[in-house]
1. In this structure, is Pro427 crowded, with 16+ Cβ neighbours inside 10 Å and of a type outside the set (S, T, N, Q)?
2. Mind counting the residues in the stretch 178-218 that are part of a helix (DSSP H, G or I), in contact with a strand residue (DSSP E or B) (Cβ under 8 Å, 6 or more places away or on another chain) and of a type outside the set (Gly, Ala, Ser)?
3. In the stretch 331-356, how many are over 14 Å from Ile132 (Cα atoms) and surrounded by 18 or more Cβ atoms within 10 Å (Cβ to Cβ)?
4. Give the number of residues within the stretch 235-291 that are under 17 Å from the mean Cα position of the chain (by Cα), within 23 Å of Trp174 (Cα to Cα) and β-branched (Val, Ile, Thr).
5. Consider only pairs whose beta carbons are under 8 Å apart and that are at least six residues apart or on different chains; among these, list those whose first residue lies in the stretch 303-326 and is assigned to a loop (DSSP other than H, G, I, E, B) and near the ligand (Cβ under 9 Å from one of its atoms) and whose second residue is open to solvent by 70 Å² or more (accessible area, probe 1.4 Å) and modelled with pLDDT of 95 or more.
6. Exactly one condition in (1) over 14 Å from the mean Cα position of the chain (by Cα); (2) open to solvent by 60 Å² or more (accessible area, probe 1.4 Å) is not met by Asp363; state its number.
7. Let me confirm something: among Lys102, Lys90, which residue is open to solvent by 10 Å² or more (accessible area, probe 1.4 Å), in contact with a helix residue (DSSP H, G or I) (Cβ under 6 Å, 6 or more places away or on another chain) and within 16 Å of the ligand (Cβ to nearest atom)?
Amino acid sequence: MKKLWGGRFTKSAEDWVEAFGASIPFDQQLVMQDIEGSLAHVSMLDACGIISADEAKQIQDGLLTLQKKAAAGELTYHVENEDIHLNLEKHLIDLIGPVGGKLHTGRSRNDQVATDMHLYLREEIKEIAASIRHFQQVLLDVAEANVETLIPGYTHLQRAQPVSFAHHIMAYFWMLDRDYERLNDSLKRVNQSPLGAGALAGTTFPINREMTAEALGFAGIYQNSLDAVSDRDFIIEFLSDAAMIMMHLSRFCEELILWSSKEFNFIEMDDAFATGSSIMPQKKNPDMAELIRGKTGRVYGHLMGLLTVMKGTPLAYNKDMQEDKEGMFDAVTTVKGSLKIFAGMIETMTVNSEHMKAEVHNDFSNATELADYLANKGVPFREAHEIVGKLVLQCIQKGIYLKDLSLEEYKATHSAFDDDIYHDLDPFTVVDRRNSAGGTGFSAVRKAIEVGKQVLKN
Ligand code: ARG
């Protein structure tokens, strides 16, 4: 078949070679962006007197027809036409005749594809940011309902100090908030127009790049044509943001998986977000959380993939860059899907607050409190630490906890102990005393939830 670029060729590539080079199987996802870019370009060609108003009208009508067909899923794509740009140009020429060939005046597929990607990511980033906001709202709701629910806090996955469950949940709220901020900030760089850079060097036609940039809602234009067509930083940046989001979700998944085990038993996933086993009738597996944890790997992979694609490419466009798309599309789908599933999982999970409470009452996570108690009575903290360490050892040997030691036993260890220690040892007291800014005390947590609400309002 005759190529749109076939002039200097004497024979055509074999089908299997053609198929290897084609991007149409995946870049057809950019059909709407490509048409949008072409509409802006043709209006500019008209306004700048590069093509006639009549020609522009014919091309615009043709593009609008293609747009409708694409929306209805009626456009067909062919590997012989390589990519979305040539497929659409071919459709246009078939539809309106040779005048359709004027659309490509003063542009190249190189600035065209870059424009499509910028338009695509701009929308997707906004959608992902909105999903993050929704997820944050879900986290806020769970936090608000669980300010006084206690859960063991861990370091090294060893019980450390009890915390408010809301505090734990809000930690993820703030992680996600940074993710939101990062995405928002990246829009500055995504929202720049490469259109009009041509193949690499600009064009002899008296085009107006600001005009197409404005029509497409871009905040500005790339200042250098070589950079405009060969920059993929904005995609790498997105993939990096996506990787960070997935890393946060994956950590949370790991906790949900642990928490829903019999060993922890802190939460129960709703049936709608769990699956059974084909052999073991008792099983209820936290599949969705495991899957999100697993999918994190592919998003990291896409980031490393594109960084590697770009590292050895000289200026300007190289066909290597066609490899920027599948990873980006997949990262978008993965992040969006994961955020949606996550919000559902969190919204519907059961918090086993009674069990959590029983657990924090039966461990040594109040030991720091006891050391602080002595320190407050003038015992040097190092010494207090040693004394409490000995008491813990005594308890372990007897199979009891600090609250179970008698006042006599305490007094025998240090005279500064009094019967108010039992109040201090209560996990509820332990948590509620930590009202330093950002701490787990109930009033500190309530304050943080209010700040969180303000964040979502703005
Ligand atoms: N399909 C190509 C890509 O995705 C479009 C740009 C092709 N440009 C070229 N000079 N072959 O990168």
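1. Values: crowded, with 16+ Cβ neighbours inside 10 Å: yes; of a type outside the set (S, T, N, Q): yes.
Considered against the rule, which asks whether it is crowded, with 16+ Cβ neighbours inside 10 Å and of a type outside the set (S, T, N, Q), Pro427 comes out as yes.
2. Residues of the stretch 178-218 part of a helix (DSSP H, G or I): 178-190, 209-215.
Now narrow it down to the ones that are in contact with a strand residue (DSSP E or B) (Cβ under 8 Å, 6 or more places away or on another chain): 209-210, 212-213.
Among the residues that remain, those that are also of a type outside the set (Gly, Ala, Ser) are: 209-210, 212.
Residues in the stretch 178-218 being part of a helix (DSSP H, G or I), in contact with a strand residue (DSSP E or B) (Cβ under 8 Å, 6 or more places away or on another chain) and of a type outside the set (Gly, Ala, Ser): 3 in total.
3. Looking only at that region, the number is 6.
4. Qualifying residue count for the region: 1.
5. Tyr317/Leu200
6. Checking Asp363 against (1) over 14 Å from the mean Cα position of the chain (by Cα); (2) open to solvent by 60 Å² or more (accessible area, probe 1.4 Å), the one that fails is (2).
7. Working: Lys102 fails: within 16 Å of the ligand (Cβ to nearest atom).
Step by step, each of Lys102, Lys90 is checked, and only Lys90 is open to solvent by 10 Å² or more (accessible area, probe 1.4 Å), in contact with a helix residue (DSSP H, G or I) (Cβ under 6 Å, 6 or more places away or on another chain) and within 16 Å of the ligand (Cβ to nearest atom).
Yes/no per residue for (1) acidic (Asp, Glu); (2) open to solvent by less than 30 Å² (accessible area, probe 1.4 Å); (3) touching a His at 6+ places or on another chain (Cβ under 8 Å):
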{"site": "Ile235", "(1), (2), (3)": "no, yes, no"}
{"site": "Asp241", "(1), (2), (3)": "yes, yes, no"}
{"site": "Leu256", "(1), (2), (3)": "no, yes, no"}
{"site": "Asp271", "(1), (2), (3)": "yes, no, no"}
{"site": "Leu291", "(1), (2), (3)": "no, no, no"}
{"site": "Gly294", "(1), (2), (3)": "no, no, no"}
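The values are calculated or read from the model by the stated rules, or taken from the named source; none is laboratory data. Just so it is clear, the model here is predicted, and its values are computed rather than measured. Virtual Cβ from ideal backbone geometry, glycine too; neighbours counted across all protein chains shown. Only protein heavy atoms, including side chains, enter the accessible area calculation; ligands, DNA and RNA are left aside. Shrake-Rupley method; radii C 1.70, N 1.55, O 1.52, S 1.80 Å.
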